[in-house]
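In what follows, a single structure is set out as structure tokens and then discussed.
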Amino acid sequence: MRVPFEWLRELTGIEASVDDVATRLTNAGFEVGAIHRAGEHWDRIVVGEVARIDPHPNADRLNLPTVNTGSEEIQVVCGAWNFEVGDRIAFAPAGARLWDPYADEPVLKELKPTRIRGVVSRGMLCSTKELGISDDHEGILVLDPDAPLGQPLAEALGGEVVEFELKANRPDALSVLGIAREAAALYGTEVRSPIPEARPNEDGASESVVLGIDDAALCARYSAALVHDVKVGESPARIRDRLEQAGVRPISTIVDATNYVMLELGQPLHAFDCETVRGGYIGVRTARPGERLVTLDGQDRELTPETLCIVDAEGPVALAGVMGGLDTEVTDATSTVLLESATFDPISIRRTAHRLNLRSEASRRFEKGLPPELTVLALRRCVQVIEEIGAGRGEFLTADAYPAPSDPEPVSLAFDRIERLMGVAYDRSEVRQALSALEFGLEEDGDELRVTPPFWRRDVTAPADVIEEVARLVGYERIPDTLPTGQVMDLAPGEIDERDDEVRDVMAGLGFAECVTYALTSEARMARLVPPDLLDAPPDAPLGDADAWAEVRETAMNDAGRSLTDRLLPLDREPLRLRNPLSMEENALRLTGLGTMLETLRANRRHADRDLLLFDYQPAFLARDGDLPEEPNFLTAVIGERVSADRWNETGTVELPFVRGVVDELVARSGVPTDQASHDDLQHPTFAAGAAAAVTYKGHLLAAYGEVDAEVAAAFDLDERAWALLVDMPAVRAASAGAPSFSAWSEYPSALRDLAIVVDAEVTQAEVQDIIQRAGRPLLQSARLFDEYRGQQIPAGKRSLAYALSYAAPDRTLTDKQADRAHNRVVRALQHRLGAELRG
Amino acid sequence: MQERLDALLSAARTELAAAADDGAMEQWRVTHLGRRSEVTGLLRSVGSLPREERRAAGQAANAARRELEEAFETRQSELRRGADGAQADVTMPGYPVRLGSLHPLTRTLREIRRVLAPLGFRAVSGPEVEWDRYNFELLNIPADHPARDMWDTFHIHDKARPGELLLRTHTSPVQARVMEQIQPPVRVIVPGKVYRYEDRDASHEAEFMQVEGLAIDKHITMADLRGTLTYFVRAMFGPDRELRIRASYFPFTEPSAEAEMSCHACDGDGCPVCGGTGWIEILGSGMVHPKVLADVGYDPDVYQGFAFGMGVERIAMLKYGVTDIRSFYRNDLRFLRQLR
């Protein structure tokens, strides 16, 4: 809400500066967003008078006004015609700075003498846009005829406009009077209410119009007045200036008067051309099926049955509280006006305004809930303004239909409750003073205080509301700093699992950079995680239909792949979709973070000169019928490049076993016995065939990792190889044995034996390891693979694996002979079971 | 004997000076001090000398051996100190060590948790997809209330219960969830992602992180709120920070307060960080509205307390001097590495 500061001053008598008032109001909860000083750049612009207008010798569309500034006469070239000899105007001589009305962005330009079609112009008559007052550039600003000649324009126009950012709970603050009441309370001055005394003829009956309210729940009060002998024309400068400064465009006397009173008192009013109201009746009701209305903006609207309307004897004439009808609009020909001042149901107005996307100054006020007491007061003031500016003669109707009067309820509280809530003591006199300054009624009964809010403060309904009034009027700076004392709380539900911190620490320790990505994504982005031709999905079902997926599950996946699709990479599921997405790029909640992470990898590829190891640890969203979705924390890591260092020399290498090393460490740190987790071939279209694995523990899928399928990588614009690791951390937690437990090691030295064997290439390392472990019992402590070789030095179809084995006994030092015996058992078992050959 | 020893020592010293690595050193040790070395041979041969010469020869051979051992040790430590005993070039870069990094938002969240933990605040989390009831209704924001305009909301398609599922617009619904489940005393903070239907720019995000604080007991006051916030800004931004609060409005608190701290960049003198005012808006807060307490089953005549909420990105931007909120979600490694 924009409030001309002089208007606020007029209603409060406050003499403090605009900055001081802005600070105090802000601290009391009436936040000032900006102070506009329209005159800041008007250093040389003055009030001038048009002394003479000559025609331009070379251009019919231009004229040559001569301006008297009080000290000299200056001729300029002008393209506007909306002024006459004798008018006072805003005059900018050469050298003044003005806003460029043709620039897209606000730009100040210095005015220079210019030759226009052969005539020199040594100044300019200004429009409101050039002055930065409004966007209106239609003609030049004609000032009040009383504006003193030669006076700086800033003084003549009165200067500062305070822009408030008001809160939803204070409909009374959407008015100059409401802010004035607050300011007066803070400064201890008296509010000078502009509302006139009741007029003797206020209860007078009129035969011309009957009023009716169908539903008092939707319209608590409907008051009206007639204005006769209407003169529609331009309002005086005083009215127009204030409207413009408040951001409301002046239109004509009657409309300006209603807007002026709305700004001043907060009550929206509407003016109907009385002659167009049919049947001498004005009523309020919801629309009937099939009813239509052409609104002021020229739109023919079909009215839904919940729309609250103003009707005449034949049908709707206005959307109550939102917009008037075109047929009953006040025009130059109007001679009698019906002024409406009503209290409509806030929810009904809010819904209609939202539904039609018509949010106006009026609807904003109605939807916050206005007090019914205000209607008649605003009507009285509006009639006064109209009469003052000579735009008509008012007659009140009996037409105050107020079926259900209601008064604000008093609130009772004990004085000591204030200290109990605030943690600071207030004198009773302070409490009384603060509340009286805000015009609350007070009654005291010992330690009990009974507070009756004024009619405009229906937001105050409970002791805490009253306490807030006292606290903010006295000032929050009275509140001291203390720390809460008392008992500590019990374990809380939903307590954050500190193991989540550890997951991040482990990943960072392993060289990965943590990313925080958006949960919002697009179905298309998730659909790119399988090769494009696989699903053959229509564009409206980007993730594919159930039949297509059933086939993919059958033909393109093994059991591990299906199990991955069941939860950790559930691309065949319906994602949660937004009803109102910002764009199609983020229309759904993610089922997996992998798509976004591959994009992040791609974006970093352009400039990263170091490792490309990234992870994200945020929830995925898995829909559940009739319940909130499950939001499991899935870890998503992507790897584009990894450098390992030999002294200073860095070489890039990523292979599948590197990714396995990461998953093993992560899973082991989470308390899962890694030697019991099995890694099996994974066939899934997101991953490259033959280069991916699934990690299961006791039949539960914990993780999947592998090289990203080349087509999928290409879909993310990645032309280098990429690896991905997905970990279902909740499943890992479920598999965890909890805190690690200690087991003693042998205090005697170990005997070390290396072993290199050649086996068929199909034999897996797991099989070899298993045989070594079984045959090596009980002395074998560990068997660590340290090399793999395939190539010319061994036969085709074979590979060589090399292990470092360690033997020890718990109770003695092994002799060479004992160690050899144990080692030979291992060798024989490998020869016997796998046909392994020892390699020299 | 002595001549042979002298010649041997001299030759061994020359060789030792040339030995530059572990291999050469080992070879030297085997040659000159090993079982088959000349000194060892000479020592063994002492027994075969005439009795009167034995004593002197034995002493000389042992002295030579000790001398060789000492020379070896000296050379060894020379080599360890640097080639040819020269000073190591300490300006050589270290071998590359590759730790990853935690996201600056994670670090900021942890710091907030760490700062508030000693005051008894436990960190809890709640769902990001929420019911309208928890996000609004239970926070004293009924349907069609104009206060709903304060939160532009993403709604979720749900045929079964249209209009009820949404992306939470603040972490406050977790307040209601916690209070529904446990009786006071309550002291929690709630970090987490929130969502607003809002176009992104340098200072607005559609997805961002908040931390909510809630303390409920029989006698928790607005002064306790102010004290907690003062403690918080000093712990986060330094002991010289001043806090000021002013009246505000949130539907779920009464009284409500906006908190500002004196600018940490200019100490309150006014600078671009604080827009020249010397003060920085840091969070919203207030005493929990009695209606909110009553709706979760607490007796508002017995229990009272405070709540506060802040944007984590805003705290992180102030701490790290980041000027565009979207940087946190671009995950550019150059950004992540700088703020590691």
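Looking at the stretch A:38-131, the GluC sites (Glu not before Pro) that sit in a DSSP loop and have at most 15 other Cβ atoms within 10 Å of their own Cβ are A:GLU72, A:GLU84. Of all segments of chain A bounded by chymotrypsin sites (Phe, Trp or Tyr not before Pro) found in a DSSP loop with no more than 13 other C-beta atoms within 10 Å, the longest spans A:103-647.
Pick out, from A:PRO152, A:ALA694, A:PRO408, the residue whose Cα sits farthest towards the positive end of the charge dipole of chain A, with +1 on the Cβ of Lys and Arg and -1 on the Cβ of Asp and Glu. Among A:PRO152, A:ALA694, A:PRO408, the one farthest towards the positive end of the dipole of chain A is A:ALA694. Between the stretch B:260-336 and the stretch B:188-232, how far is it from one alpha carbon centroid to the other, in angstrom? Cα centroid of the stretch B:260-336 versus Cα centroid of the stretch B:188-232: 6 Å apart.
With just the Cα atoms defining each centre, how far is the stretch A:213-249 from the stretch A:567-630? Give it in Å. Computed from Cα coordinates, the inter-centre distance equals 53 Å. For A:CYS309, the residues 5 or more places off, or on other chains, whose built amide H falls under 5 Å of its own are A:ARG285, A:THR286, A:ALA287, A:ALA320.
Taking the C-alpha atoms only, the angle from helix A:374-388 to the longest principal axis of chain A is near 50 degrees.
Given H placed on each backbone N at 1.01 Å, which residues far from A:LEU576 in sequence or on other chains put an amide H within less than 5 Å of it? Result for A:LEU576 returns A:LEU589, A:ALA623. Taking the Cα atoms of the stretch A:46-157, the ratio Rg/Rh between the radius of gyration and the Kirkwood radius comes to 0.94.
Taking a ≥ b ≥ c as the square roots of the eigenvalues of the Cα gyration tensor, chain A is classed as prolate, since a/c reaches at least 1.5 and a/b is larger than b/c.
Averaged over the residues of peptide A:22-31, the number of Cβ atoms from other protein chains lying within 10 Å of each residue's Cβ is 3. Classified by the C-alpha gyration tensor, chain B has a prolate form. Its axis ratio a/c, with a ≥ b ≥ c, is 1.5 or above, and a/b is larger than b/c. Peptide A:495-501 has a mean shielding of 4, counted as Cβ atoms of other protein chains within 10 Å of each residue's Cβ. The distance linking the stretch A:120-193 with the stretch A:307-331 is 32 Å (Cα centroid to Cα centroid, whole angstrom). Listed as lacking a disulfide-compatible partner in the protein assembly as shown: A:CYS78, A:CYS126, A:CYS219, A:CYS274, A:CYS309, A:CYS382, A:CYS515, by the criterion of no other cysteine Cβ under 4.7 Å. At full extension, A:GLU110 and A:LEU483 could sit 128.5 nm farther apart than now, given 0.36 nm per residue minus the alpha carbon distance.
In debye, nearest 20: dipole of the protein assembly as shown around its Cα centre with unit charges on the Cβ of K, R (+) and D, E (-)? Let's see the in-between values first.
Details: 131 positive and 191 negative charges, 1131 e Å.
The calculation lands at about 5440 debye.
Only Lys, Arg, Asp and Glu carry charge here, each on its Cβ (+1 for the first two, -1 for the last two); on that basis the stretch B:198-340 has a dipole of about 540 debye about its Cα centre. The calculated pair-distance distribution of the stretch B:133-174 uses every alpha carbon pair, bins of 10 angstrom beginning at 0, and gives 28, 60, 12 percent.
Find the relative contact order for chain B and round it to a whole percent, using C-alpha pairs within less than 8 Å whose residues are 6+ positions apart.
Rounded, it is 15 percent for chain B.
Of the trypsin sites (Lys or Arg not before Pro) found in the stretch A:683-763, the ones in coil according to DSSP and having at most 16 other Cβ atoms within 10 Å of their Cβ are A:LYS698, A:ARG721.
Axis of helix A:253-265 versus longest Cα principal axis of chain A: the two differ by about 60°, to the nearest ten degrees. Think of each Lys and Arg Cβ as +1 and each Asp and Glu Cβ as -1; about the Cα centre, that makes the dipole of the stretch A:46-157 roughly 520 debye. Computed over the stretch A:190-279, the alpha-carbon pair-distance distribution with 10 angstrom bins reads 12, 36, 38, 14, 0, each value a whole percent.
Each of B:ILE280, B:GLN210, B:PHE154 was scored by the projection of its Cα onto the charge dipole of chain B, and the greatest displacement toward the positive side belongs to B:GLN210; charges sit on the C-beta of Lys, Arg, Asp and Glu.
Ordering B:THR221, B:LEU318, B:ALA235 by the projection of their Cα atoms onto the charge dipole of the stretch B:104-338, which places +1 on the Cβ of Lys and Arg and -1 on the Cβ of Asp and Glu, puts B:ALA235 at the extreme positive end.
Taking the Kirkwood radius as the inverse of the mean 1/r across Cα pairs, report the Rg/Rh of the stretch A:1-101.
A ratio of 1.16.
Helix A:346-356 sits at what angle to the longest principal axis of chain A, using alpha carbons and giving 0 to 90 degrees rounded to 10? That works out to roughly 70 degrees. Across the alpha-carbon atoms of the stretch A:337-381, the computed radius of gyration and Dmax are 11.3, 33 angstrom. Each 10 Å bin from 0 upward holds the following percent of the Cα-Cα pairs of the stretch B:2-81: 18, 49, 24, 8, 1.
Working from Cα pairs under 8 Å separated by at least six residues, relative contact order for the stretch A:682-733 is 31 percent.
Every number in this text was worked out from the coordinates using simple rules, so none of it is lab data. Predicted model only: the values in this text are computed from it and were never measured. Here Cβ is always computed from backbone atoms with ideal geometry, including for glycine, and neighbour counts include all displayed protein chains.
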